[in-house]
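Scroll down for the structure; my scribbles are underneath it.
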Amino acid sequence: MPIIEIQIENLHKAFDDKQILKGINLDLYQGDVIAIVGGSGCGKTVLMNHILGQIVPDRGNVRVIDHNNPAEPFRDLADIHGFELDSIHQHWGVVFQRNALFSGTVYENIALWLKEVKGLHDDAILPIAQKYLKAVALPDDKQFLNRPHEKLSGGMAKRLAIARALSMGPIVVFYDEPTTGLDPTSSAQIHNLIFDTHFEIDKRTSIIITHDKDLLNRLQPRIIMLHEGNILFDGPFEEFKDSGSEVIRPYFDLMPILHKRNILDK
């Protein structure tokens, strides 16, 4: 029987007088690839930020597996603060839409979380950094490790952001628009990278916000479509692609335009 990794129950959120989420109920299972889709402003990133514990819901609950605490594995984020939340985040990796790379070198971007969260020292960090730079098809020599991240191309910066997330050995990986701003060749590399790294460890869960139809074709994920604050669709990609829904069909056809718009807005 599938094991729930993240459970969302009756989640509501409004900003000012605008209701963004209107009672979301959702179980996300260990080992799944999940794509959260929907038109701009439908609440995709708001939903992800609730899961990450960055937003407090107006109503409802978000519960997550605590992989450090087998005696009490399922925890409500409302009851977790400070070091306890950091402990749960040890097992999560996040790739932000605009990469959110730190000021500094390639090495410093990978090393910071490993130092701050896992307490590792440079002699232990260096082989980890080299391993995951190789995994994302980036150089792992001293010259590249010392390169300022500002001197990287868009595709290289995105791959570095993924390497940084994977260096933590995460059980759950979150991707927010992972191919935004990339050319077709770089996008295809990221598609394959997400696919390959999902299966790098047993029971890894991948949660992706995207308008990238080509990425969905590559991954064949479970699709969660948000519309007007609710879940309009929850099912396999093939059913989503073939849907004749008067909401889903136009959105599916517009996905390349929405994805390109995100690139232009970058």
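Listed values, structure above:
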quantity	calculated
Cβ-based net charge around I24, under 10 Å, with every Lys or Arg adding one and every Asp or Glu removing one	+1
Other-chain or far-sequence residues with amide H under 5 Å of G23's (modelled H)	L11, H12, K13
Cut-off 15 Å between beta-carbons: net charge of the residues surrounding N146, Lys and Arg +1, Asp and Glu -1	-2
For region 70-86, 3J(HN,Hα) per residue [Karplus equation, 6.51 cos²θ - 1.76 cosθ + 1.60, θ = phi - 60°, Hz, x = Gly/Pro]	x, 6, 9, x, 9, 10, 8, 4, 5, 9, 10, 9, x, 5, 5, 5, 4
Computed magnitude of the charge dipole of the chain (debye, nearest 20; Cβ of K, R +1, Cβ of D, E -1)	720
Diffusion coefficient, µm² s⁻¹, Stokes-Einstein with Kirkwood Rh over alpha-carbon pairs of the chain at 37 °C and 0.692 mPa s	171
Mean separation of Cα contacts under 8 Å (6+ apart) over length of region 101-169, as relative contact order %	44
Distance violations [Cα-Cα > 21 Å] among K22/K44; K158/K213; K13/K44; K44/K115	K44/K115
Rounded to the nearest 20 debye, dipole of region 101-169 from Cβ charges on Lys, Arg, Asp, Glu	220
Over the chain, relative contact order from alpha-carbon pairs under 8 Å, at least 6 apart, %	24
Kyte-Doolittle mean at least 0.5 and Cα axial length at least 15 Å: DSSP H helices in the chain	154-166
Debye intensity ratio in log₁₀ form over the Cα atoms of region 101-169, taken at each q of 0.12, 0.14, 0.20 Å⁻¹	-0.24, -0.33, -0.70
The chain: antiparallel DSSP beta bridges as a percent of all, rounded to 5	60
Under-5 Å amide H pairs with E5, H placed in peptide plane, nonlocal only	L28, Y29, Q30
Burial ranking of peptide ranges 48-61, 199-212 (average Cβ count within 10 Å, highest at the top)	199-212, 48-61
Packing rank of 238-244, 152-158, where each peptide gets the mean count of other beta carbons within 10 Å, highest leading	152-158, 238-244
Local electrostatic count at V117 - Lys and Arg +1, Asp and Glu -1, tallied over other residues with Cβ under 14 Å	0
Where N is the number of residues in region 57-196, Cα Rg divided by 2.2 N^0.38 Å	1.13
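Just so you know, all these numbers are worked out from the coordinates, no wet-lab data involved. These numbers were taken from a predicted model, which means no experiment stands behind them. Glycine gets a Cβ as well: all are built from the backbone with ideal geometry, and neighbour counts include every protein chain shown.
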